[in-house]
Amino acid sequence: MSTVMKGDASGRGAVEGYRVSIPARQHPYTEEEIQAVVHVMRDVDCQTQGPMLAQFQADFAVFTGSKYAFAVDNATNALSLAATLCGVQPGDEVIVPAYTFCASAIPFGKAGAKLVWGDIHPDTWTIDPEDIARKITDKTKVIVAVHLLGMPCDMEAIVKLAKAHGIKVVEDCAQALDARIHGQHVGTFGDFGCFSFHGAKTMTTLGEGGMLLVKSDEDARLVPGIRHNGCCAFPGDRERYWVPAMSSVDMDIDGFWPNNFCIGEAQCALGSVQLKTLSANTDKIIAQNDKLRALLADVPEITANHIPEGYRHVRHQYVFHFDGSAFGKDRNDLLDLLTGKYGIRSIVQYYPLYRYPLFQKLGAGTFDCPVLESWWDNSFSLPMWCGMDDSVLETIARAVKDAVAELKA
(Lines give C-alpha, C1' and ligand atoms only; values in the text may rest on other atoms or scores of the structure.)
Protein backbone atom coordinates (compact mmCIF):
# COMPACT_ATOMS: atom_id res chain seq x y z
CA MET A 1 0.00 0.00 0.00
CA SER A 2 1.20 3.51 -0.80
CA THR A 3 2.19 5.70 2.12
CA VAL A 4 1.68 8.90 0.10
CA MET A 5 -1.47 10.80 1.01
CA LYS A 6 -3.83 11.27 -1.93
CA GLY A 7 -6.50 13.96 -2.12
CA ASP A 8 -6.71 16.69 0.50
CA ALA A 9 -5.97 16.31 4.20
CA SER A 10 -9.54 15.20 4.94
CA GLY A 11 -9.40 12.36 2.41
CA ARG A 12 -11.90 14.06 0.11
CA GLY A 13 -11.40 15.02 -3.51
CA ALA A 14 -10.96 13.22 -6.81
CA VAL A 15 -8.49 10.35 -6.57
CA GLU A 16 -7.83 7.92 -9.40
CA GLY A 17 -7.91 4.20 -8.93
CA TYR A 18 -11.05 3.81 -6.79
CA ARG A 19 -14.46 2.47 -7.77
CA VAL A 20 -16.09 4.74 -5.18
CA SER A 21 -14.31 7.84 -3.89
CA ILE A 22 -15.35 10.79 -1.71
CA PRO A 23 -16.16 14.04 -3.51
CA ALA A 24 -14.86 17.30 -2.09
CA ARG A 25 -18.41 18.70 -2.22
CA GLN A 26 -21.60 16.92 -1.22
CA HIS A 27 -23.59 18.25 -4.19
CA PRO A 28 -23.18 20.82 -7.00
CA TYR A 29 -24.58 24.35 -6.88
CA THR A 30 -27.96 24.87 -8.52
CA GLU A 31 -28.50 27.53 -11.18
CA GLU A 32 -30.54 29.60 -8.72
CA GLU A 33 -27.64 29.54 -6.26
CA ILE A 34 -25.16 30.53 -8.96
CA GLN A 35 -27.36 33.42 -10.08
CA ALA A 36 -27.64 34.69 -6.48
CA VAL A 37 -23.86 35.09 -6.38
CA VAL A 38 -23.73 36.63 -9.87
CA HIS A 39 -26.39 39.16 -8.84
CA VAL A 40 -24.22 40.38 -5.97
CA MET A 41 -21.18 40.57 -8.22
CA ARG A 42 -23.00 42.57 -10.86
CA ASP A 43 -25.57 44.67 -9.08
CA VAL A 44 -24.82 45.06 -5.35
CA ASP A 45 -22.59 48.00 -4.45
CA CYS A 46 -21.89 46.91 -0.88
CA GLN A 47 -19.82 43.70 -0.94
CA THR A 48 -19.73 43.16 2.83
CA GLN A 49 -21.79 44.13 5.90
CA GLY A 50 -24.80 44.96 3.73
CA PRO A 51 -28.39 43.90 3.06
CA MET A 52 -27.52 40.32 2.11
CA LEU A 53 -25.92 39.83 5.52
CA ALA A 54 -29.04 41.11 7.25
CA GLN A 55 -31.26 38.88 5.11
CA PHE A 56 -29.17 35.75 5.64
CA GLN A 57 -29.09 36.28 9.40
CA ALA A 58 -32.86 36.77 9.48
CA ASP A 59 -33.47 33.70 7.30
CA PHE A 60 -31.18 31.55 9.44
CA ALA A 61 -32.82 32.72 12.66
CA VAL A 62 -36.21 31.70 11.27
CA PHE A 63 -34.91 28.33 10.04
CA THR A 64 -33.40 27.43 13.41
CA GLY A 65 -35.97 29.14 15.63
CA SER A 66 -33.33 31.37 17.19
CA LYS A 67 -33.79 34.94 18.39
CA TYR A 68 -30.36 36.14 17.21
CA ALA A 69 -28.13 34.89 14.37
CA PHE A 70 -24.82 36.45 13.30
CA ALA A 71 -23.05 35.37 10.11
CA VAL A 72 -19.26 35.04 10.26
CA ASP A 73 -16.44 33.84 8.03
CA ASN A 74 -16.25 30.31 9.47
CA ALA A 75 -17.40 28.15 12.36
CA THR A 76 -14.02 28.31 14.11
CA ASN A 77 -14.48 32.04 14.51
CA ALA A 78 -18.08 31.55 15.61
CA LEU A 79 -16.59 29.43 18.40
CA SER A 80 -14.00 32.13 19.06
CA LEU A 81 -16.76 34.69 19.49
CA ALA A 82 -18.56 32.30 21.84
CA ALA A 83 -15.38 31.85 23.90
CA THR A 84 -15.03 35.62 24.19
CA LEU A 85 -18.67 36.12 25.13
CA CYS A 86 -18.33 33.39 27.77
CA GLY A 87 -15.43 35.38 29.25
CA VAL A 88 -12.99 32.46 29.01
CA GLN A 89 -9.61 33.41 30.48
CA PRO A 90 -6.45 31.67 31.73
CA GLY A 91 -7.21 29.49 34.74
CA ASP A 92 -10.69 28.53 33.54
CA GLU A 93 -11.52 24.95 32.58
CA VAL A 94 -13.53 24.06 29.49
CA ILE A 95 -14.92 20.55 28.96
CA VAL A 96 -14.65 19.56 25.29
CA PRO A 97 -15.31 16.14 23.75
CA ALA A 98 -12.07 14.42 22.83
CA TYR A 99 -13.75 12.97 19.74
CA THR A 100 -14.34 15.93 17.43
CA PHE A 101 -12.64 18.16 14.88
CA CYS A 102 -9.80 20.22 16.36
CA ALA A 103 -11.67 23.52 15.86
CA SER A 104 -14.06 22.58 18.67
CA ALA A 105 -11.21 23.01 21.14
CA ILE A 106 -8.69 25.45 19.65
CA PRO A 107 -10.59 28.73 20.33
CA PHE A 108 -10.92 27.87 24.02
CA GLY A 109 -7.30 26.79 24.29
CA LYS A 110 -6.21 30.03 22.61
CA ALA A 111 -8.17 31.94 25.24
CA GLY A 112 -5.97 30.30 27.88
CA ALA A 113 -8.39 27.71 29.25
CA LYS A 114 -7.37 24.29 30.48
CA LEU A 115 -8.97 21.76 28.12
CA VAL A 116 -10.68 18.88 29.94
CA TRP A 117 -11.42 16.04 27.54
CA GLY A 118 -14.92 14.57 27.68
CA ASP A 119 -15.53 10.92 26.85
CA ILE A 120 -18.13 9.69 24.35
CA HIS A 121 -21.35 7.82 25.01
CA PRO A 122 -20.93 4.23 23.77
CA ASP A 123 -24.21 4.29 21.82
CA THR A 124 -24.40 7.75 20.23
CA TRP A 125 -20.64 8.56 20.05
CA THR A 126 -21.30 12.14 21.21
CA ILE A 127 -20.12 13.57 24.54
CA ASP A 128 -21.53 11.66 27.53
CA PRO A 129 -23.36 13.82 30.11
CA GLU A 130 -22.41 11.40 32.89
CA ASP A 131 -18.74 11.86 32.04
CA ILE A 132 -19.22 15.64 31.99
CA ALA A 133 -20.74 15.48 35.46
CA ARG A 134 -17.73 13.72 36.94
CA LYS A 135 -15.29 16.21 35.37
CA ILE A 136 -16.96 19.45 36.49
CA THR A 137 -14.94 21.41 39.04
CA ASP A 138 -15.26 24.86 40.58
CA LYS A 139 -13.06 26.11 37.71
CA THR A 140 -15.31 24.83 34.92
CA LYS A 141 -16.43 27.81 32.84
CA VAL A 142 -17.89 26.22 29.69
CA ILE A 143 -19.20 22.91 28.38
CA VAL A 144 -18.74 22.46 24.62
CA ALA A 145 -21.44 20.13 23.30
CA VAL A 146 -20.44 18.95 19.82
CA HIS A 147 -23.19 17.45 17.69
CA LEU A 148 -20.59 15.39 15.88
CA LEU A 149 -21.42 13.62 12.61
CA GLY A 150 -24.81 15.33 12.71
CA MET A 151 -25.93 13.44 15.84
CA PRO A 152 -27.45 15.70 18.52
CA CYS A 153 -25.96 15.47 22.00
CA ASP A 154 -28.23 14.83 24.97
CA MET A 155 -28.93 18.54 25.44
CA GLU A 156 -31.59 18.10 28.11
CA ALA A 157 -29.06 16.45 30.42
CA ILE A 158 -26.20 18.80 29.48
CA VAL A 159 -28.20 22.00 29.98
CA LYS A 160 -29.55 20.70 33.30
CA LEU A 161 -25.99 20.04 34.49
CA ALA A 162 -24.79 23.44 33.32
CA LYS A 163 -27.59 25.34 35.05
CA ALA A 164 -26.99 23.49 38.30
CA HIS A 165 -23.35 24.61 38.29
CA GLY A 166 -23.66 28.06 36.69
CA ILE A 167 -21.74 26.98 33.57
CA LYS A 168 -22.13 28.29 30.02
CA VAL A 169 -23.01 25.86 27.19
CA VAL A 170 -21.60 26.30 23.70
CA GLU A 171 -23.09 24.03 21.04
CA ASP A 172 -20.76 23.16 18.17
CA CYS A 173 -23.24 22.47 15.37
CA ALA A 174 -20.69 22.61 12.54
CA GLN A 175 -21.83 19.21 11.24
CA ALA A 176 -25.41 19.36 12.43
CA LEU A 177 -27.34 22.00 10.50
CA ASP A 178 -30.98 20.79 10.34
CA ALA A 179 -30.45 18.34 13.23
CA ARG A 180 -33.20 18.50 15.85
CA ILE A 181 -34.30 17.04 19.15
CA HIS A 182 -38.06 16.57 19.32
CA GLY A 183 -38.42 19.31 16.71
CA GLN A 184 -36.11 21.86 18.37
CA HIS A 185 -33.07 22.79 16.32
CA VAL A 186 -29.63 22.15 17.78
CA GLY A 187 -27.82 25.35 18.64
CA THR A 188 -30.84 26.74 20.47
CA PHE A 189 -30.54 24.75 23.71
CA GLY A 190 -27.36 26.29 25.12
CA ASP A 191 -26.11 29.85 25.38
CA PHE A 192 -24.49 29.81 21.93
CA GLY A 193 -24.77 27.74 18.77
CA CYS A 194 -21.99 27.65 16.16
CA PHE A 195 -22.52 26.47 12.57
CA SER A 196 -20.29 25.82 9.56
CA PHE A 197 -20.85 26.32 5.84
CA HIS A 198 -17.52 24.75 4.87
CA GLY A 199 -17.28 23.16 1.44
CA ALA A 200 -17.75 19.63 2.80
CA LYS A 201 -21.05 20.46 4.49
CA THR A 202 -24.58 19.89 3.14
CA MET A 203 -24.84 23.65 2.76
CA THR A 204 -21.76 25.69 1.79
CA THR A 205 -21.25 29.39 1.12
CA LEU A 206 -18.44 29.20 -1.45
CA GLY A 207 -16.24 26.95 0.67
CA GLU A 208 -16.22 28.88 3.92
CA GLY A 209 -18.73 30.55 6.20
CA GLY A 210 -20.34 30.22 9.60
CA MET A 211 -23.10 31.40 11.90
CA LEU A 212 -23.34 32.18 15.60
CA LEU A 213 -26.65 31.83 17.42
CA VAL A 214 -26.95 33.86 20.62
CA LYS A 215 -29.56 33.43 23.31
CA SER A 216 -29.28 36.54 25.53
CA ASP A 217 -30.03 40.13 24.55
CA GLU A 218 -26.86 41.38 26.23
CA ASP A 219 -24.57 38.98 24.36
CA ALA A 220 -26.30 39.80 21.07
CA ARG A 221 -25.65 43.51 21.62
CA LEU A 222 -21.91 42.84 21.85
CA VAL A 223 -21.46 40.67 18.76
CA PRO A 224 -21.39 43.27 15.95
CA GLY A 225 -18.49 45.17 17.50
CA ILE A 226 -16.27 42.24 18.44
CA ARG A 227 -17.03 40.63 15.04
CA HIS A 228 -15.91 43.75 13.14
CA ASN A 229 -12.75 45.23 14.70
CA GLY A 230 -14.60 47.10 17.42
CA CYS A 231 -16.13 49.46 14.83
CA CYS A 232 -19.13 51.38 16.12
CA ALA A 233 -20.79 54.80 15.99
CA PHE A 234 -19.54 57.66 18.10
CA PRO A 235 -22.01 58.28 20.95
CA GLY A 236 -24.49 61.14 20.85
CA ASP A 237 -25.60 63.52 18.13
CA ARG A 238 -22.94 65.16 15.97
CA GLU A 239 -23.21 68.58 14.37
CA ARG A 240 -20.88 67.41 11.59
CA TYR A 241 -21.13 63.74 10.73
CA TRP A 242 -17.43 63.53 9.92
CA VAL A 243 -16.22 64.93 13.27
CA PRO A 244 -14.13 63.46 14.81
CA ALA A 245 -14.27 60.68 12.17
CA MET A 246 -16.83 58.57 10.37
CA SER A 247 -16.84 55.79 12.98
CA SER A 248 -15.30 54.96 16.32
CA VAL A 249 -13.34 51.92 17.47
CA ASP A 250 -14.03 50.73 21.01
CA MET A 251 -13.66 47.76 23.33
CA ASP A 252 -17.06 46.09 23.82
CA ILE A 253 -15.82 43.71 26.51
CA ASP A 254 -13.12 44.90 28.91
CA GLY A 255 -9.87 43.07 28.36
CA PHE A 256 -10.90 41.37 25.08
CA TRP A 257 -9.57 42.53 21.72
CA PRO A 258 -12.06 42.62 18.81
CA ASN A 259 -11.46 40.76 15.54
CA ASN A 260 -12.55 40.75 11.92
CA PHE A 261 -14.75 37.72 11.41
CA CYS A 262 -16.95 39.24 8.69
CA ILE A 263 -18.44 37.34 5.73
CA GLY A 264 -19.06 38.67 2.22
CA GLU A 265 -22.40 39.63 0.67
CA ALA A 266 -22.14 37.04 -2.11
CA GLN A 267 -21.74 34.27 0.46
CA CYS A 268 -24.74 35.55 2.40
CA ALA A 269 -26.90 35.74 -0.72
CA LEU A 270 -25.95 32.14 -1.54
CA GLY A 271 -26.71 31.04 2.01
CA SER A 272 -30.23 32.42 1.93
CA VAL A 273 -30.96 30.52 -1.30
CA GLN A 274 -29.41 27.29 -0.03
CA LEU A 275 -31.60 27.31 3.06
CA LYS A 276 -34.58 26.70 0.76
CA THR A 277 -33.36 23.24 -0.26
CA LEU A 278 -31.35 22.29 2.81
CA SER A 279 -33.91 20.01 4.46
CA ALA A 280 -34.64 18.19 1.20
CA ASN A 281 -30.92 17.53 0.69
CA THR A 282 -30.60 16.41 4.30
CA ASP A 283 -33.48 13.99 3.82
CA LYS A 284 -31.62 12.43 0.87
CA ILE A 285 -28.47 11.97 2.93
CA ILE A 286 -30.45 10.38 5.78
CA ALA A 287 -32.29 8.04 3.40
CA GLN A 288 -29.02 6.96 1.79
CA ASN A 289 -27.49 6.21 5.17
CA ASP A 290 -30.58 4.28 6.26
CA LYS A 291 -30.28 2.20 3.09
CA LEU A 292 -26.60 1.50 3.76
CA ARG A 293 -27.31 0.57 7.37
CA ALA A 294 -30.01 -1.84 6.18
CA LEU A 295 -27.68 -3.41 3.62
CA LEU A 296 -25.09 -4.02 6.35
CA ALA A 297 -27.55 -5.12 9.04
CA ASP A 298 -26.62 -8.79 8.57
CA VAL A 299 -22.93 -8.10 9.23
CA PRO A 300 -22.65 -8.10 13.04
CA GLU A 301 -19.04 -6.98 12.91
CA ILE A 302 -20.11 -3.63 11.38
CA THR A 303 -22.19 -1.29 13.57
CA ALA A 304 -23.45 2.30 13.42
CA ASN A 305 -24.42 4.69 16.19
CA HIS A 306 -27.78 4.44 17.92
CA ILE A 307 -30.29 7.22 17.16
CA PRO A 308 -32.48 8.06 20.17
CA GLU A 309 -36.23 8.43 19.68
CA GLY A 310 -37.16 11.92 18.52
CA TYR A 311 -33.63 12.80 17.33
CA ARG A 312 -33.04 14.00 13.76
CA HIS A 313 -29.51 12.75 13.05
CA VAL A 314 -28.39 14.38 9.79
CA ARG A 315 -25.48 11.96 9.08
CA HIS A 316 -22.67 14.36 8.19
CA GLN A 317 -20.48 11.34 7.51
CA TYR A 318 -21.17 7.65 7.18
CA VAL A 319 -19.13 6.44 10.15
CA PHE A 320 -19.15 2.79 11.21
CA HIS A 321 -17.32 0.59 13.71
CA PHE A 322 -15.61 -2.73 12.96
CA ASP A 323 -15.19 -5.47 15.53
CA GLY A 324 -12.92 -8.19 14.21
CA SER A 325 -11.61 -9.23 17.61
CA ALA A 326 -13.18 -12.70 17.32
CA PHE A 327 -10.84 -13.49 14.41
CA GLY A 328 -7.87 -11.30 15.28
CA LYS A 329 -8.44 -8.51 12.75
CA ASP A 330 -8.83 -4.76 13.13
CA ARG A 331 -9.95 -1.65 11.26
CA ASN A 332 -6.68 -1.37 9.36
CA ASP A 333 -7.01 -4.91 8.03
CA LEU A 334 -10.52 -4.09 6.83
CA LEU A 335 -9.48 -0.83 5.17
CA ASP A 336 -6.51 -2.51 3.50
CA LEU A 337 -9.00 -4.69 1.65
CA LEU A 338 -11.66 -2.03 1.06
CA THR A 339 -9.20 0.48 -0.39
CA GLY A 340 -6.65 -1.83 -2.01
CA LYS A 341 -8.71 -4.72 -3.36
CA TYR A 342 -12.30 -3.49 -3.61
CA GLY A 343 -11.67 0.13 -4.58
CA ILE A 344 -13.75 1.78 -1.86
CA ARG A 345 -11.99 4.93 -0.63
CA SER A 346 -12.69 4.65 3.08
CA ILE A 347 -11.10 7.14 5.47
CA VAL A 348 -10.36 7.67 9.15
CA GLN A 349 -10.98 11.07 10.72
CA TYR A 350 -11.12 12.85 14.06
CA TYR A 351 -8.17 11.33 15.84
CA PRO A 352 -8.80 11.74 19.59
CA LEU A 353 -7.64 15.29 20.17
CA TYR A 354 -5.32 14.38 23.04
CA ARG A 355 -3.29 12.24 20.61
CA TYR A 356 -2.48 15.13 18.27
CA PRO A 357 0.96 16.79 18.54
CA LEU A 358 -0.64 20.26 18.80
CA PHE A 359 -2.54 19.52 22.00
CA GLN A 360 0.28 17.45 23.50
CA LYS A 361 2.76 20.29 22.90
CA LEU A 362 0.35 22.74 24.53
CA GLY A 363 -0.05 20.63 27.66
CA ALA A 364 -3.42 19.07 26.80
CA GLY A 365 -2.27 15.50 26.33
CA THR A 366 -3.72 14.17 29.59
CA PHE A 367 -7.00 12.28 29.22
CA ASP A 368 -9.45 9.98 30.93
CA CYS A 369 -11.66 8.63 28.14
CA PRO A 370 -11.94 4.84 28.42
CA VAL A 371 -14.92 4.52 26.06
CA LEU A 372 -13.26 6.50 23.29
CA GLU A 373 -9.99 4.62 23.78
CA SER A 374 -11.73 1.25 23.38
CA TRP A 375 -13.85 2.37 20.39
CA TRP A 376 -11.96 4.82 18.20
CA ASP A 377 -9.20 2.64 16.77
CA ASN A 378 -11.75 0.50 14.93
CA SER A 379 -13.95 3.30 13.56
CA PHE A 380 -13.91 4.38 9.91
CA SER A 381 -15.90 6.37 7.34
CA LEU A 382 -17.41 5.06 4.10
CA PRO A 383 -17.87 7.33 1.06
CA MET A 384 -20.90 9.63 1.07
CA TRP A 385 -22.42 12.55 -0.80
CA CYS A 386 -25.88 13.90 -1.50
CA GLY A 387 -27.40 12.00 -4.42
CA MET A 388 -25.85 8.52 -4.15
CA ASP A 389 -28.00 6.07 -6.09
CA ASP A 390 -28.84 2.56 -4.93
CA SER A 391 -26.22 0.95 -7.18
CA VAL A 392 -23.42 2.89 -5.48
CA LEU A 393 -24.71 2.05 -2.02
CA GLU A 394 -25.02 -1.60 -2.99
CA THR A 395 -21.47 -1.58 -4.39
CA ILE A 396 -20.14 -0.22 -1.10
CA ALA A 397 -22.14 -2.68 1.00
CA ARG A 398 -21.09 -5.66 -1.11
CA ALA A 399 -17.44 -4.66 -0.80
CA VAL A 400 -17.73 -4.35 2.99
CA LYS A 401 -19.42 -7.75 3.23
CA ASP A 402 -16.86 -9.43 1.01
CA ALA A 403 -13.96 -7.82 2.89
CA VAL A 404 -15.32 -8.91 6.29
CA ALA A 405 -15.94 -12.44 4.98
CA GLU A 406 -12.40 -12.60 3.65
CA LEU A 407 -10.97 -11.47 7.00
CA LYS A 408 -13.05 -14.05 8.86
CA ALA A 409 -11.83 -16.79 6.52
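Taking every pair of distinct Cα atoms and averaging 1/r, then inverting, what Kirkwood hydrodynamic radius in Å comes out for region 181-256?
Values: mean 1/r = 0.0648 Å⁻¹.
Value: 15.4 Å, from the Cα pair sum.
Give the accessible surface of the chain per residue, rounded to a whole number of Å², with probe radius 1.4 Å and ligands, DNA and RNA excluded.
Values: 18210 Å² over 409 residues.
Counting only protein heavy atoms, the per-residue value for the chain is 45 Å².
Of Gln267, Pro224, Val62, which is farthest along the charge dipole of the chain in the positive direction, counting Lys and Arg as +1 and Asp and Glu as -1 at C-beta?
Final value for the positive-end residue is Gln267.
Over region 1-109, what is the mean sequence separation of C-alpha contacts under 8 Å (at least six apart), divided by residue count, expressed as relative contact order in percent? Don't jump to the answer; show the numbers that get you there.
Working: 45 pairs, mean separation 13.8, N = 109.
Over region 1-109, the number comes to 13 percent.
If you take the Cα Rg of region 1-150 and divide it by 2.2 N^0.38 Å, with N the number of residues, what do you get? Write down the numbers at each step before the final one.
Values: Rg = 20.1 Å, N = 150, 2.2 N^0.38 = 14.8 Å.
Against the compact-globule rule of thumb, the ratio is 1.36.
When only alpha-carbon atoms count, how far does the chain stretch along each of its three principal axes, as whole angstroms with the largest first?
Over the chain, Cα extents along the principal axes are 86, 54, 42 Å.
Take the residue pairs Lys114/Lys135; Lys291/Lys401; Lys341/Lys408; Lys114/Lys168; Lys67/Lys160 and return only those whose Cα atoms are more than 18 Å apart. Working shown, then result.
Working: Lys114/Lys135 12 Å; Lys291/Lys401 15 Å; Lys341/Lys408 16 Å; Lys114/Lys168 15 Å; Lys67/Lys160 21 Å.
Violating the 18 Å Cα-Cα cut-off are Lys67/Lys160.
For Cα pairs less than 8 Å apart in space and 6+ apart in sequence, what is the mean separation divided by the residue count of region 198-305, i.e. the relative contact order in percent? Walk me through the intermediate numbers first.
Values: 82 pairs, mean separation 28.1, N = 108.
In percent, rounded to a whole number, it is 26.
Please determine, in degrees from 0 to 90 and to the nearest 10, the orientation of helix 278-295 with respect to the longest principal axis defined by the Cα atoms of the chain, where the helix direction is its Cα long axis.
Relative to the chain, helix 278-295 is tipped by roughly 20 degrees.
Would region 131-247 count as rounded, prolate or oblate if I go by the C-alpha gyration tensor, calling it rounded below 1.5 in a/c and otherwise prolate when a/b exceeds b/c, oblate otherwise? Can you show the working numbers first?
Values: a/c = 2.96, a/b = 1.61, b/c = 1.84.
Verdict is oblate for region 131-247.
For Thr100, what residues show an amide H to amide H distance below 5 Å, using hydrogens built from the backbone and excluding near sequence neighbours?
So Thr100 has HN proximity to Leu353.
With both partners inside region 52-204, how many of the DSSP beta bridges are antiparallel, as a percent to the nearest 5? Before the final figure, lay out each step's value.
Details: 3 of 19 bridges.
Approximately 15 percent, going by the DSSP bridge assignments.
Calculate one ³J(HN,Hα) per residue across region 306-314 by plugging θ = phi - 60° into the Karplus curve 6.51 cos²θ - 1.76 cosθ + 1.60, and present them in order as whole Hz with x for glycine and proline.
So the Karplus estimates, Gly and Pro as x, are 7, 9, x, 4, x, 9, 9, 9, 8 Hz.
Sequence-distant or interchain residues sharing an amide H contact under 5 Å with Val116, placed H: which?
Val94, Ile95, Val96
Once the other residues with Cβ under 15 Å from the Cβ of Leu161 are scored (Lys, Arg +1; Asp, Glu -1), what is the net sum? Please report the intermediate quantities before stating the final value.
On the way: positive: Arg134, Lys135, Lys141, Lys160, Lys163, Lys168; negative: Glu93, Asp119, Asp128, Glu130, Asp131, Asp138, Asp154, Glu156, Glu171, Asp191.
Charge balance near Leu161 sits at -4.
Hey, any idea what % of the chain's accessible area is carbon plus sulfur with a 1.4 Å probe? Before the final figure, lay out each step's value.
On the way: 9600 of 18210 Å².
The C+S portion of the solvent-accessible surface of the chain is 53 percent.
I need the peptides 363-370, 163-170, 189-196, 265-272 ranked by packing, meaning the mean over residues of other C-beta atoms within 10 angstrom, with the highest value on top.
Numbers: 363-370: 15.5, 163-170: 17.4, 189-196: 26.2, 265-272: 24.0.
So the peptides 363-370, 163-170, 189-196, 265-272, ranked by packing, come out 189-196, 265-272, 163-170, 363-370.
Name all residues of region 50-87 having a backbone nitrogen under 17 Å from the label point set 7 Å from the Cα of Ser247 along its Cα→Cβ direction, giving them as ranges.
Only 50-55, 70-73 pass the distance filter.
Taking N as the number of residues in region 250-394, what is its alpha-carbon radius of gyration divided by 2.2 N^0.38 Å?
Details: Rg = 20.4 Å, N = 145, 2.2 N^0.38 = 14.6 Å.
Ratio of Cα Rg to 2.2 N^0.38 Å: 1.40.
Sum up the charges of everything whose Cβ sits under 13 Å from the Cβ of Thr84, counting Lys and Arg as +1 and Asp and Glu as -1, but leave Thr84 out. Can you show the working numbers first?
Values: positive: Lys110, Lys141, Lys168, Arg227; negative: Asp92, Asp191, Asp219, Asp252, Asp254.
Surrounding charge for Thr84 is -1.
The values are calculated or read from the model by the stated rules, or taken from the named source; none is laboratory data. Bear in mind the structure is a predicted one, so any value in this text is a computation, not a measurement. All Cβ positions, even for glycine, are placed from backbone atoms using ideal geometry, and neighbour counts span all protein chains on display. These area figures cover heavy atoms from the full protein model, side chains too; ligands, DNA and RNA do not enter into them. Shrake-Rupley method; radii C 1.70, N 1.55, O 1.52, S 1.80 Å.
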